[in-house]
Amino acid sequence: MNDRPITALSATPRPYGPPQDRVGLFWRPDAAARTATASAEVGPLLRMLSDPLAVCETPLGLQLCLGGRWETSASTEALPVRAFVPPMPPQALGCPEFARTHGLRFTLVAGAMANGITSVDLVVAMARAGMMGFFGAAGLSLPKIETALQTLETTLLDAPWGSNLIHSPYEPEHERAVSELYRRREVRRVSASAYLKITPALVAYRLHQVREEGGRIVVPNHLFAKLSRTELAEQFLAPAPPAIVEALRRAGELTEAQALLAPAIPLASAITAEADSGGHTDNRPALCLLPAMIALRNRRQSDFPGHRLAVGAAGGIGTPSALWAAYAMGADYALTGSVNQACREAGTSDAVRRLLATAEPADVAMAPAADMFEMGVKLQVLRRGTMFASRAQKLWELYRSYTAYEDIPQAERAWVEKNVLGQPYEAVWAETEAFWQKRDPSRLRAAATDPKRRMALCFRWYLGMSSRWANAGTAGREGDYQIWCGPAMGAFNAWVAGSPLAAWNERSVGAVACNLLHGAAVRARVAMLAAQGIAIDPRAVDDRPRTIAELEAWSA
């Protein structure tokens, strides 16, 4: 078969521009110059991200050129430049002001996966790689969260990191206590997730220690709101609700001066457009959601001239192409989740990592969420290798259909206790009762007079334990593993096949993130050439994962 090597570069006729679409530059080779025409030769030059590239006209056709000398006048040795691509290091992706604000080298963020899946180790690894991670505090007790914060403070010092604050409509006191902990320990970055409305815990965190200095308002605490609905984004890109501000002022949680400054401060400093992701998600398409969020930000930005509002992209980001698409659409930063859970630093088990490494894009399903079970809220989980999604859905259908567990037909109760709960219902209630006695006794008082609430708490026991069984790799409970996962995981596995990241036990969060960024920068160069009428043979666009040493050499 004929590989047709010289067709790696081709030009599209343009009805505009100077003769032959030249850019007024000429390129002269020297001893260190490199040129390429075949697909196998073009790929390595595209990956030399710190060097400018030229596409030059030669008697034999177009040629990709690196090194050499640039000139502005024609000569016998110099080749006319048809297209030019500047250096494109991964640091150039995203918004430079966002990177400066948070002290980042790269505008890539690891999202906060609950129950400590985004672990202390993962957050530390991201910070040391010049990126940022949010600790997955949701679902953890207050003492465990504080222990994690202490470790991060002493390990990372001034390096950027953050932690999660999740909406807890059934546990508002716990949400308030976590907010207080963040204020007390001066955690400067918080990721707010799964919020259905603005709560006092959010407002108290955001306005904590705000002050006026030298004619400008200083807001020490950065609130990142992860959202999939524009109506909620409207609320986060507005000042805190006056009624909540006033209530906090009366309670002594805000000073008079802070309350007066509140109307000039947006509640969120950044919103993350969360598309089709793992965990809590509305399965929104990123191509629709992100532009809508950016348009909303642009409309609201003039209301806050002293505070630049950032917009990030999340959901579906598991390949360099997806990451570049997010930046190309205007994202200031990108946030990953599912692919991080498959890494060694994630706070989960090897059993989960093995399952994630086999996932394909369609191997996900929606299932009831433990924290908002009664409301019918769902989250996205891995379907392959586990029965959790179907079993959890069965519990939701029974809860919706009956007012008490005792009303469920005996045959169905027997099936639930054998195949889902794994023990008698009363044994589950005993464990549930002991848990809430420590966590929030008021939940038990409500359940004592309402058998449907008691049923909900017992079913939530299964939903909560299933994620813990997965994280611990509990033997005998493999069929009940709840593994939060989006389709990005399957796309990631297809991308890394045959590479150093193919094996589940070789995946580190730093290597994954750096390869995503490097590949996205390569894709950016291809897009720049396309905008100048130069098409690259797809076989020449090599963004497969490499070792960190190779990436550093290409980006040096």
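The values are calculated or read from the model by the stated rules, or taken from the named source; none is laboratory data. Predicted model, so just to flag it, every value in this text is computed and none were measured. Backbone-built Cβ (ideal geometry, glycine too); neighbour counts: all protein chains shown.
Name the single residue, out of those in the stretch 386-420 being among the polar types (S, T, N, Q) and closer than 28 Å to Ala359 by Cβ, that is nearest to the chain's Cα centre (by Cα).
Selected residue: Thr386.
Restricting attention to helices (runs of 4 or more DSSP H) lying wholly within the stretch 423-477, give those where 1 or more residues are in contact (Cβ under 8 Å) with a residue 24 or more places away in the chain and within 30 Å of Leu355 (Cβ to Cβ).
425-439, 451-472
Exactly one condition in (1) free of Cβ contacts under 8 Å to residues at least 40 places away in the same chain; (2) buried (at least 24 other Cβ atoms within 10 Å of the Cβ); (3) more than 17 Å from Trp484 (Cβ to Cβ) is false for Phe135; which is it?
All conditions are met except number (3).
Could you check how many residues of the stretch 34-67 are assigned to a loop (DSSP other than H, G, I, E, B) and either farther than 29 Å from Leu516 by Cα or of a type in the set (Val, Ile, Thr) (or both)?
Total meeting the criteria: 3.
Rundown of residues vs (1) within 21 Å of the chain's Cα centre (by Cα); (2) surrounded by fewer than 18 Cβ atoms within 10 Å (Cβ to Cβ), yes/no style:
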site: Gly214; (1), (2): no, yes
site: Lys226; (1), (2): yes, no
site: Leu248; (1), (2): no, no
site: Glu253; (1), (2): no, no
site: Ala273; (1), (2): yes, no
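If I ask for residues that are of a type in the set (Gly, Ala, Ser) and over 18 Å from Gly464 (Cβ atoms), which ones from the stretch 393-424 would you list?
Answer for the stretch 393-424, where residues must be of a type in the set (Gly, Ala, Ser) and over 18 Å from Gly464 (Cβ atoms): Ser401, Ala404, Ala411, Ala414.
For the stretch 76-130, give me each residue that is part of a strand (DSSP E or B) and more than 16 Å from Pro160 (Cβ to Cβ).
Leu79, Pro80, Val81, Arg82, Ala83, Phe84, Val85
Say we look at the stretch 170-200 and pick out the residues that are surrounded by fewer than 16 Cβ atoms within 10 Å (Cβ to Cβ) and closer than 19 Å to Leu237 by Cβ; which of these is modelled with the lowest pLDDT?
So, considering only residues that are surrounded by fewer than 16 Cβ atoms within 10 Å (Cβ to Cβ) and closer than 19 Å to Leu237 by Cβ, the one modelled with the lowest pLDDT is Leu196.
Strands (runs of 3 or more DSSP E) wholly in the stretch 310-375 with at least 1 residues that are surrounded by fewer than 24 Cβ atoms within 10 Å (Cβ to Cβ) - which ones?
Fully inside the stretch 310-375 and qualifying: 310-314, 364-368.
Ala531: surrounded by fewer than 24 Cβ atoms within 10 Å (Cβ to Cβ), free of Cβ contacts under 8 Å to residues at least 40 places away in the same chain and not assigned by TED's automatic domain parsing to the domain that holds Pro368, yes or no?
Answer is yes for this residue.
Taking interchain pairs and intrachain pairs at least six residues apart, which have beta carbon atoms under 8 angstrom, with the first residue in the stretch 395-419 and more than 22 Å from Ala369 (Cβ to Cβ) and the second polar (S, T, N, Q) and in a helix (DSSP H, G or I)?
none
Going by what's in this entry, would Trp495 be described as under 29 Å from the mean Cα position of the chain (by Cα), more than 27 Å from Ala138 (Cα to Cα) and aromatic (Phe, Trp, Tyr)?
yes
Just give me the residues in the stretch 490-510 being buried (at least 22 other Cβ atoms within 10 Å of the Cβ) and either part of a helix (DSSP H, G or I) or at positive phi (or both), in sequence order.
The answer is Gly490, Phe492, Asn493, Trp495, Val496, Val509.
Answer yes or no as to whether Ala475 is surrounded by fewer than 19 Cβ atoms within 10 Å (Cβ to Cβ) and either under 29 Å from Asn115 (Cα atoms) or touching a Ser or Thr at 6+ places or on another chain (Cβ under 9 Å) (or both).
Yes, satisfied.
Could you grab me the full set of residues in the stretch 52-93 that are surrounded by 13 or more Cβ atoms within 10 Å (Cβ to Cβ) and among the acidic types (Asp, Glu)?
Correct list: Glu57, Glu71.
Are any of the residues in the stretch 22-40 hydroxyl-bearing (Ser, Thr, Tyr), at pLDDT below 90 and more than 21 Å from Arg539 (Cβ to Cβ)?
no
Scan the stretch 500-515 and report the pairs whose first residue is within 19 Å of Val120 (Cα to Cα) and whose second residue is part of a helix (DSSP H, G or I) and not hydrophobic (A, V, I, L, M, F, W, C), with Cβ atoms within less than 7 Å and a gap of 6+ or a chain change.
Going by the 7 Å Cβ cut-off, the qualifying pairs are Val509/Asn340.
Here is a yes/no grid of residues against (1) at pLDDT below 95; (2) over 19 Å from Asp350 (Cα atoms):
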position: Glu397; (1), (2): no, yes
position: Ala427; (1), (2): no, yes
position: Arg439; (1), (2): yes, yes
position: Ala447; (1), (2): yes, yes
position: Glu478; (1), (2): no, no
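Only one of (1) out of contact with any Gly (no Cβ under 9 Å at 6 or more places or on another chain); (2) assigned to a loop (DSSP other than H, G, I, E, B); (3) crowded, with 20+ Cβ neighbours inside 10 Å fails for Ser277. Which number is that?
Result: Ser277 passes all but (1).
Counting only residues that are surrounded by fewer than 21 Cβ atoms within 10 Å (Cβ to Cβ) and touching a Gly at 6+ places or on another chain (Cβ under 8 Å), which one in the stretch 140-169 is nearest to Thr107 (Cα to Cα)?
In this case the residue turns out to be Ala159.
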